[in-house]
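Working notes, beginning with the structure itself.
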Amino acid sequence: MSSAAVLVALALAAMASEPDPPPRQNVVVFLVDTLRADAVGCLAPDKGKSATPTIDRLSADGALFTRCSSQAPWTKVSVPSILTSLYPTTNGVVSVLAKLPDSATTIAEAFRSAGYRTAAFFTNPFLGNATNLRQGFDTVYEAKDLLGDRKGPRSNSGTSALVNQKALPWIDVVAHGTDRRPFFLLLHSMDPHEEYCPAPPWDALFADPARASAWHGQWARLKSLDEHPAINRRSRADFARLGIDADAFAATGRGLYQGCVAFDDHEIGRVMDRLKDSGLLDNTIVVVTSDHGEEFLEHGYTSHGHSLYDEMIHVPLVIRAPGAASRRIDLRVASLDIMPTLLDLTNVPYPTGLQGTSLAPLVLGTANSGFVERPVWSEMYTEDPVGGIAFARIDATWKAIFQVKPWRELPRPEFELFATATDPNDRDDVSTKNPDVMKAAKKEILQRYAFLPRLPGVDTSLTLDADTLDRLKALGYLK
Ligand SMILES: [Zn+2]
């Protein structure tokens, strides 16, 4: 044998003995609409009865981020930020009619380009085509596909079960089919979104079910106050006018809401069981998060979409990666960090220009000390004709909220400042005691929004199809 032939033979032998590369990891994201952080047992300050044993178990097996802020207080604006790792101002989705421009690269497009199969199950009519969020998904189920004729606030409770009617068979096909591509699966559910109608026995877990019917009657009366534009929020003044005890209403509402959270958690558990039983779980990264929270009169209103306070933008974030140890991470992170984190964990190339930061070193415990905490931002563009624009800047010391355009219907101070370490729920505005901090934050906020890049191709002139309009009206987002 010539020396060249020997080399070839040795090379072939080395190749033959090399083990197969490990299969690329799958990714499942549970995106639970309207899930405030303290509704999740492992993040609840009082540590009473947990509504979320499944999420608690996931967090015990993975990374629990205790300080994650969403980039907006409502679905339409928040979810595109999660899917693009771009702030709303940059990706252009800031109003009911806005669509994500084709020039954006979504997380689904990044995964698909890397050879993943991609699927989304969306139960909110804002998601999918209405916002041009189908980009990159091979398979998309939208609200109209999953909910059928169910429309209106009462149809939100139980949507996780409707998702699972279609998602569990999808997982079965992936598990038992011949296509060996890894997958990226996004499961969105609406259970905790108004009007909180948990089915038995979930209705009795955190509320007295005997009160539910009277509560829904009060909700209907509050809704009927017709001087309000679209959105479901109601103020303490509205309660006073109708002679409804606001705090009792909020307490019962919160209990029913927790029942809906518990049901959603139960359905997440069914997906986890299916992943485990089909042998997929050991090679699957699992994420649980939300698009925004919900207010129960903490700052004078109900519902969501109208402020940037903690109950509205503090969301759960759990990332369970196979082989990674359990860890609790108190650093401040953002929903738009999810995309670079998942791409990093799966070695999928990043698109350029992402505004989030990979949390993979924190999830894997490889560089705890190397992660630099940076300010996190949230943006509120409101759709009402009288709506305003506000931005929040949050860091380890301060949370600054600046009403760049005041909201006439919902008067708020132009500027508020909260000490994040001692006042995490934004109760005590200390702006007048810290005029220099206020001045610097105002300047930084205005400069940032003047110079933040904008994606090309944003078009807000497009209209929604009739079915989507109908669903949004039924949910109270449009009149
Ligand atoms: Zn939402």
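Need the failing condition index for residue 219 against (1) open to solvent by less than 40 Å² (accessible area, probe 1.4 Å); (2) out of contact with any helix residue (DSSP H, G or I) (no Cβ under 6 Å at 6 or more places or on another chain); (3) over 23 Å from residue 292 (Cβ atoms), just the number.
Exception for residue 219: condition (3).
Specify which of the listed residues (72, 130) is modelled with pLDDT of 95 or more, within 16 Å of the ligand (Cβ to nearest atom) and over 22 Å from residue 26 (Cβ atoms). Steps first, please.
Details: 130 fails: modelled with pLDDT of 95 or more.
After applying the criteria, what remains is 72.
Rundown of residues vs (1) away from the ligand (no atom under 16 Å from the Cβ); (2) in contact with a strand residue (DSSP E or B) (Cβ under 9 Å, 6 or more places away or on another chain); (3) under 26 Å from residue 341 (Cα atoms), yes/no style:
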{"position": "140", "(1), (2), (3)": "yes, yes, yes"}
{"position": "144", "(1), (2), (3)": "yes, no, no"}
{"position": "154", "(1), (2), (3)": "yes, no, no"}
{"position": "163", "(1), (2), (3)": "no, yes, yes"}
{"position": "167", "(1), (2), (3)": "yes, yes, yes"}
{"position": "184", "(1), (2), (3)": "yes, yes, yes"}
{"position": "204", "(1), (2), (3)": "yes, no, no"}
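I'd like to check something: does the range 408-418 contain any residue that is in a strand (DSSP E or B), closer than 26 Å to residue 98 by Cα and of a type in the set (Lys, Arg)?
No, that holds for no residue.
As an exercise: evaluate residue 93 against (1) out of contact with any Gly (no Cβ under 9 Å at 6 or more places or on another chain); (2) more than 15 Å from the ligand (Cβ to nearest atom) and give the number of the one condition it does not meet.
(2)
When only residues in the range 39-90 that are small (Gly, Ala, Ser), part of a helix (DSSP H, G or I) and within 15 Å of residue 327 (Cα to Cα) count, which is most open to solvent (accessible area, probe 1.4 Å)?
60
Check 261, 288 and return the single one that is surrounded by 20 or more Cβ atoms within 10 Å (Cβ to Cβ) and either modelled with pLDDT under 95 or within 24 Å of residue 324 (Cα to Cα) (or both).
Just one listed residue meets the conditions, 288.
Which residues, taken from the range 379-401, are β-branched (Val, Ile, Thr) and at pLDDT below 80?
Within the range 379-401, 382, 386 meet the criteria.
Find all pairs meeting these conditions: Cβ atoms under 7 angstrom apart; at least six residues apart or on different chains; first residue within the range 165-193 and free of Cβ contacts under 8 Å to residues at least 60 places away in the same chain; second residue within 16 Å of the ligand (Cβ to nearest atom) and open to solvent by 10 Å² or more (accessible area, probe 1.4 Å).
166/146
What tally of residues in the range 155-189 results from selecting those that are over 24 Å from residue 269 (Cβ atoms) and surrounded by 15 or more Cβ atoms within 10 Å (Cβ to Cβ)?
The qualifying residues number 1.
Do you know which residues across the range 338-366 are part of a helix (DSSP H, G or I) and of a type in the set (Gly, Ala, Ser)? Spell out how you get there, then give the answer.
So in the range 338-366, the residues part of a helix (DSSP H, G or I) come out as 338-345, 360-364.
Once the filter is applied, which keeps residues that are part of a helix (DSSP H, G or I) and of a type in the set (Gly, Ala, Ser), the range 338-366 yields only 360.
Tell me the residue from 46, 56, 102 that is without any contact (Cβ under 8 Å) to a residue 12 or more places away in the chain and away from the ligand (no atom under 15 Å from the Cβ), please.
46
Just to verify a result, which residue in the range 306-333, among those that are part of a strand (DSSP E or B) and surrounded by fewer than 23 Cβ atoms within 10 Å (Cβ to Cβ), is farthest from the chain's Cα centre (by Cα)?
Filtering the range 306-333 for residues part of a strand (DSSP E or B) gives 314-320, 327-333.
Okay, now just the ones that are also surrounded by fewer than 23 Cβ atoms within 10 Å (Cβ to Cβ), so 327-332.
On the way: 327: 21, 328: 19, 329: 18, 330: 18, 331: 18, 332: 16 Å.
Result: 327.
Would it be correct to say that residue 115 is within 25 Å of residue 373 (Cα to Cα) and more than 14 Å from the chain's Cα centre (by Cα)?
Working: within 25 Å of residue 373 (Cα to Cα): no; more than 14 Å from the chain's Cα centre (by Cα): yes.
For residue 115, the condition - within 25 Å of residue 373 (Cα to Cα) and more than 14 Å from the chain's Cα centre (by Cα) - is not met.
Results for (1) under 28 Å from residue 86 (Cβ atoms); (2) more than 25 Å from the chain's Cα centre (by Cα); (3) modelled with pLDDT under 95, shown as yes or no for each residue.
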position	(1), (2), (3)
403	yes, no, yes
417	yes, no, no
432	no, yes, no
439	no, yes, yes
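Which pairs turn up if I take residues in the range 21-34 that are within 16 Å of the ligand (Cβ to nearest atom) and look for partners that are among the aliphatic types (A, V, I, L, M) and not in a loop (DSSP other than H, G, I, E, B) with beta carbon separation below 6 Å, at least 6 apart in sequence or on another chain?
The qualifying pairs are 29/186; 29/287; 30/187; 30/268; 30/288.
Could you look through the range 144-171, keep only residues that are over 12 Å from residue 189 (Cα atoms) and not in a helix (DSSP H, G or I), and pick out the one that is farthest from the chain's Cα centre (by Cα)?
Ranking the qualifying residues of the range 144-171, first place goes to 149.
The values are calculated or read from the model by the stated rules, or taken from the named source; none is laboratory data. Since the structure is predicted, the reported quantities are computational estimates derived from the model, not experimental observations. Don't worry about glycine lacking a Cβ; one is built from the backbone with ideal geometry, like all the others, and counts go over all protein chains shown. These area figures cover heavy atoms from the full protein model, side chains too; ligands, DNA and RNA do not enter into them. Shrake-Rupley method; radii C 1.70, N 1.55, O 1.52, S 1.80 Å.
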